[in-house]
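The values are calculated or read from the model by the stated rules, or taken from the named source; none is laboratory data. If you're wondering where the values come from, they're calculated on a predicted model, not measured in any experiment. Ideal geometry is used to build each Cβ from the backbone, glycine not excepted, and the neighbour counts take in all protein chains shown.
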Amino acid sequence: MKGLLIKDMKLMLGQIMFLIVLPIVGAMIVVPSGQLNMGFGYIASVSGLFAVTTINYDSYDNGYSFLFTLPVSRRGYVKEKYIFALMSSVAVMLAVGVTLWFLTAAVHSENDYEFVDFLGNMWSAYMITLTALSFLLPIFLKYGAEKSRYIILILCGIFMALSVAITMDETLGELLEVEIKGIVFLILDAALLTGSYAVSCGIMEGKDF
């Protein structure tokens, strides 16, 4: 697993220009308005990308056939992807998030941007990222990059419909706002990731290379 983690980290560092562009684009969205909350959705959406993109690299040009000639088990491969997803999403989220906070606080010095509140919002964004990863990882492992695009669009539509339904129902919205936070959200994400990991292991063990 250590070798797989090193491989994925090198792939991530190979996309250094993309890592540089992320905070620049985020700053263009957030800094002019001074609305730091606008950046949390952006941070959540980009922070989980790298683990998914490494799956595309592994499957390219019959890469799996070579990869599994090495002393790597299929379950070990899946486990590494989930560990790397947790690590890379934290790294990208902190890099982009802290950059946006400093820039926004510097440009709009008249506003009071509490760093503690910012960290709380970052935690919420990270929980959303974990929820997304619990769906994205098995989907990419099952269908690959091309077919996954259409499935992800469908999932986005479902989540959007649920968001609209929650917004229209004030009672439900208030209940979710109060209850699904902090440790409760963490427990839910842990359950989702555990189920997602089991599904992903089944997908990889059923594949023929």
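With respect to ILE43, determine if the residue is under 23 Å from THR131 (Cβ atoms), at pLDDT 75 or above and either under 14 Å from the mean Cα position of the chain (by Cα) or surrounded by 14 or more Cβ atoms within 10 Å (Cβ to Cβ) (or both).
Against the criterion (under 23 Å from THR131 (Cβ atoms), at pLDDT 75 or above and either under 14 Å from the mean Cα position of the chain (by Cα) or surrounded by 14 or more Cβ atoms within 10 Å (Cβ to Cβ) (or both)), ILE43 does not qualify.
So which residues in region 10-35 are in contact (Cβ under 8 Å) with a residue 40 or more places away in the chain, part of a helix (DSSP H, G or I) and of a type in the set (A, V, I, L, M)?
Within region 10-35, LEU11, MET12, LEU19, LEU22, ALA27, VAL30 meet the criteria.
Scan region 68-94 for residues that are surrounded by fewer than 16 Cβ atoms within 10 Å (Cβ to Cβ), in a helix (DSSP H, G or I) and modelled with pLDDT under 85 and jot them down.
Those that are surrounded by fewer than 16 Cβ atoms within 10 Å (Cβ to Cβ), in a helix (DSSP H, G or I) and modelled with pLDDT under 85: VAL90, ALA91, LEU94.
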